[in-house]
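The values are calculated or read from the model by the stated rules, or taken from the named source; none is laboratory data. Please read these numbers as outputs of a predicted model, since none were measured by experiment. As a convention, Cβ positions derive from the backbone with ideal geometry for all residues, glycine included, and neighbour counts pool all protein chains shown.
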Amino acid sequence: MDKVKVFLKNGEVKEYDYGVLIKDILPEINKRYIKEALAAKFNGELVDLSKKITEDGSLEIITFNDEEGKKVYLHSAAHVMAQAVKRLFPGVKLGIGPAIENGFYYDFDFPVDFSSDDLAAVEDEMAKIIKEDYPFIRRELSRQEALKLFSDLGEKYKVELIEDLPEDAVISVYEQGEFIDLCAGPHVPSTGRIKAFKLLSVAGAYWRGSENNPMLKRIYGTAFPKKSMLEEYLQKLEEAKKRDHRKLGVQLGLFSLHEEGPGFPFFHSKGMVIINELENFWRKEHKIRGYQEIKTPIILNRSLWEQSGHWDHYKENMYFTEIDNSTYALKPMNCPGAILIYKTEQRSYRDLPIRFAELGLVHRHERSGVLHGLMRVRAFTQDDAHIFMLPSQIKDEIIGVMDLVDYFYNIFGFEYMVELSTKPPKAMGSDEIWEQATNALKEAMEGKNMDYVINEGEGAFYGPKIDFHLKDCLGRTWQCGTIQLDFMLPEKFDINYIGPDGEKHRPVMLHRVIFGSIERFVGILIEHYGGAFPLWLAPVQIVILPIADRHLDYALDIKKMLEREDFRVEVDARNEKIGYKIREAEIQKIPYMLIVGDAEKEKEIVSVRKRREGDLGLVSLTEFIEKIKFERANKTVQ
RNA sequence: GCCGACGUAGCUCAACAGGCAGAGCAGCUGACUUGUAAUCAGCAGGUUACCGGUUCAAAUCCGGUCGUCGGCUCCA
């Protein structure tokens, strides 16, 4: 009989009979794989453990510890859920059911109403299926067979999927007990391998992500090979929710949201401290980098929006008002205003690049279901800038902005993801001009060796863009910074500069934000720091806690001295025990507490307590001030 | 906008299956003069989101509106 050579990951080469099953050689590789192996990678291709080896090749065993193994596991759990749902709801039609980060979902078209109350029943049925321990059996079918199978089953969405598969695609189905599903695989060996799982939520989701398609019901869940891992994950979710900016924002008195203004946040004085610090920093850094600050009106005439293209492309997101019988709009973007300023003077090529920066308040009518605390609102301040430049300056200007984003985000200790979005279906301008702009962005990123993903067709209607995304407490990402090239608006507004040849030329325009929206950025910051802001941003930087009434004068003296150094200081003069005051200050996440009693007053020193760290001991006030001035100036993040 | 859930005091949450809406924290008043995460006592606080319906009786059941939460779509 023929033999096959198998190259293992540890460098060993083994020989087996032709057609040996991967699962049968697991014990020889490592005994722990008998229990832990979920799938395998043969010659780089993910396969089932039940696969026969019919050629020489490299073999790698996949477990839950591998990212791919985790996906196989979660996806298998999704199949178990689908089987349970089909048992409980005859006539349900299957959509798709992939693994996602930390879980899985499956989309269903239910013949009856389905609500989150029904999840428990599905979970119970899943438990049965797991106990029944059906093997996952793979079968490969021809296109005709597959089409017949799924149309006989009434699975119209699966039929649609098969029809859209490329000509040469291998079509496979997986069976477990009475359940059969179109699936590329691989899967874990049997349903019994799913040990700990939980269904988390049910949500609507359009079939294939399009509003024009029917809405299916999506059930989200997660699964782990150990109960303790599931519990740990759920615990972590709970912990993360405590960092939610909507919760912390109220607790710390930073902002509030009211029914009277959905999507229009109210900032309290402590929230304004953070905003003002961010803006002060922003102004300083932009001045250094050659930006000129401008301010343009919030309400502008309809004719401007017609000229800019917003009237045609953005109207459903805009608010309108009437002044003296003519229509005006609340600006959804700052660009047309900046262009009007550009046009107030004859510009020379020697003036370019011109960098107009504007903290501009924009209003956008967002659909009611998308509002989300400070992250998604209907009025927000963009830390905008519009750069007018020569075509030859494009690359350097893009790099300049990318450096600025990197400089800013590093100060806050953010890790960020970069995405490039290309021409959308509803766009202004020719394909050529889009390609030119898109390539400019690509070149700049590649020049900086930046990792990025491409979002086809996700660009703004006037140009392609680079987006910078940051994560919130639950790992959801939000677009913050963005760089958008624009060849359209200069055209529409017929802006120009005089070149060395004495002729008029068209400048290129670039829109960009660093924070993105100040509101969103504050939301991200709250979650990133869990409310414990670094000293330079903390609304109250120091609280002085006198032990008893007789120490109040001394506390007020210290307050004055710190205020002279421009620190934000409060004295907790309440008639309470020191432990109580400390607790309050800790909950308010105030960076420094100064405790003053008889000893401190007598020697003119302070007892320093640091947020979350505790007692730092006694120091002189001058020493303390030096230390915190340094910390503030360096924007130290703990 | 769509799917699902939710909305009770400033906050966190109770109130079996329709039968007088309750607690802790916060607030106010008083006592205590306090040493590194909650001192004690008292007082006050509500048109149960809003509108309508069913009922002898609605926080509770039904319908609608608004808002919020988790998603989808859309986006900074």
Next on the checklist: So if I check each of A:Ser172, A:Ser151, which one is polar (S, T, N, Q) and not in a helix (DSSP H, G or I)?
Outcome noted: A:Ser172
Checklist outcome for this item: Of those in segment A:129-148 that are of a type in the set (A, V, I, L, M, F, W, C) and part of a strand (DSSP E or B), the residue surrounded by the fewest Cβ atoms within 10 Å (Cβ to Cβ) is A:Ile137
Next on the checklist: Name the residue that is surrounded by the most Cβ atoms within 10 Å (Cβ to Cβ), counting only residues in segment A:173-211 that are within 16 Å of RNA strand B (Cβ to nearest atom) and among the aliphatic types (A, V, I, L, M).
Outcome noted: A:Leu199
Checklist entry - Residue check, A:Met215 against (1) within 11 Å of RNA strand B (Cβ to nearest atom); (2) under 24 Å from A:Val72 (Cα atoms), all met but one. Which one? => result (2)
Next on the checklist: So A:Gly614 ticks every box in (1) modelled with pLDDT of 95 or more; (2) surrounded by fewer than 17 Cβ atoms within 10 Å (Cβ to Cβ) but one. Which box is left unticked?
Outcome noted: (1)
Checklist outcome for this item: Selection from segment A:89-139 of residues hydrophobic (A, V, I, L, M, F, W, C), within 26 Å of A:Leu161 (Cα to Cα) and away from RNA strand B (no atom under 16 Å from the Cβ) yields A:Leu94, A:Met126, A:Phe136, A:Ile137
Checklist entry - Which of the residues that make up segment A:72-96 are assigned to a helix (DSSP H, G or I), surrounded by fewer than 21 Cβ atoms within 10 Å (Cβ to Cβ) and of a type outside the set (A, V, I, L, M)? => result A:Lys86, A:Arg87
Checklist outcome for this item: The residue from A:Arg350, A:Arg355 that alone is more than 11 Å from RNA strand B (Cβ to nearest atom), surrounded by fewer than 16 Cβ atoms within 10 Å (Cβ to Cβ) and among the basic types (Lys, Arg) is A:Arg350
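Quick grid of which residues meet (1) among the acidic types (Asp, Glu); (2) away from RNA strand B (no atom under 16 Å from the Cβ); (3) over 19 Å from the mean Cα position of the chain (by Cα):
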site	(1), (2), (3)
A:Leu361	no, no, yes
A:Glu366	yes, no, no
A:Val370	no, no, no
A:Gly373	no, no, no
A:Val405	no, no, no
A:Asn410	no, yes, no
A:Ile433	no, yes, yes
A:Ala444	no, yes, yes
A:Asn449	no, yes, yes
Checklist entry - In segment A:52-66, is there at least one residue being surrounded by 22 or more Cβ atoms within 10 Å (Cβ to Cβ) and within 21 Å of A:Arg139 (Cβ to Cβ)? => result yes
Checklist entry - What about A:Gly249, is it assigned to a strand (DSSP E or B) and either in contact (Cβ under 8 Å) with a residue 40 or more places away in the chain or not aliphatic (A, V, I, L, M) (or both)? => result no
Checklist outcome for this item: Residue pairs within 7 Å by beta carbon, gap of at least six or interchain, first lying in segment A:18-34 and under 17 Å from A:Lys52 (Cβ atoms), second part of a helix (DSSP H, G or I) and not hydrophobic (A, V, I, L, M, F, W, C), listed first then second, are A:Leu26/A:Tyr33
Item to check | strands (runs of 3 or more DSSP E) enclosed by segment A:398-505 - at least 3 residues per element that are touching a His at 6+ places or on another chain (Cβ under 9 Å) | outcome: A:417-421, A:465-471, A:477-486
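Mind telling me which of the residues A:Lys395, A:Lys426 ends up being more than 24 Å from the chain's Cα centre (by Cα), assigned by TED's automatic domain parsing to the domain that holds A:Ser517, in contact (Cβ under 8 Å) with a residue 60 or more places away in the chain and over 30 Å from A:Ala240 (Cβ atoms)?
Of the residues listed, the single one that is more than 24 Å from the chain's Cα centre (by Cα), assigned by TED's automatic domain parsing to the domain that holds A:Ser517, in contact (Cβ under 8 Å) with a residue 60 or more places away in the chain and over 30 Å from A:Ala240 (Cβ atoms) is A:Lys426.
Answer yes or no as to whether A:Glu519 is under 27 Å from A:Ile275 (Cβ atoms), touching a residue at least 40 places away in the same chain (Cβ under 8 Å), surrounded by 13 or more Cβ atoms within 10 Å (Cβ to Cβ) and near RNA strand B (Cβ under 7 Å from one of its atoms).
Judged against the criteria, A:Glu519 is a match.
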Checklist outcome for this item: Within segment A:334-382, residues being under 25 Å from A:Asp312 (Cα atoms) and either touching a residue at least 40 places away in the same chain (Cβ under 8 Å) or in a strand (DSSP E or B) (or both) number 27
Checklist entry - Scanning for something over 38 Å from the mean Cα position of the chain (by Cα), in a loop (DSSP other than H, G, I, E, B) and not assigned by TED's automatic domain parsing to the domain that holds A:Val173, does segment A:21-29 turn up at least one residue? => result no
Next on the checklist: Here's a check for you: in segment A:318-347, which residue that is hydroxyl-bearing (Ser, Thr, Tyr) and surrounded by 13 or more Cβ atoms within 10 Å (Cβ to Cβ) is farthest from A:Ala203 (Cα to Cα)?
Outcome noted: A:Tyr342
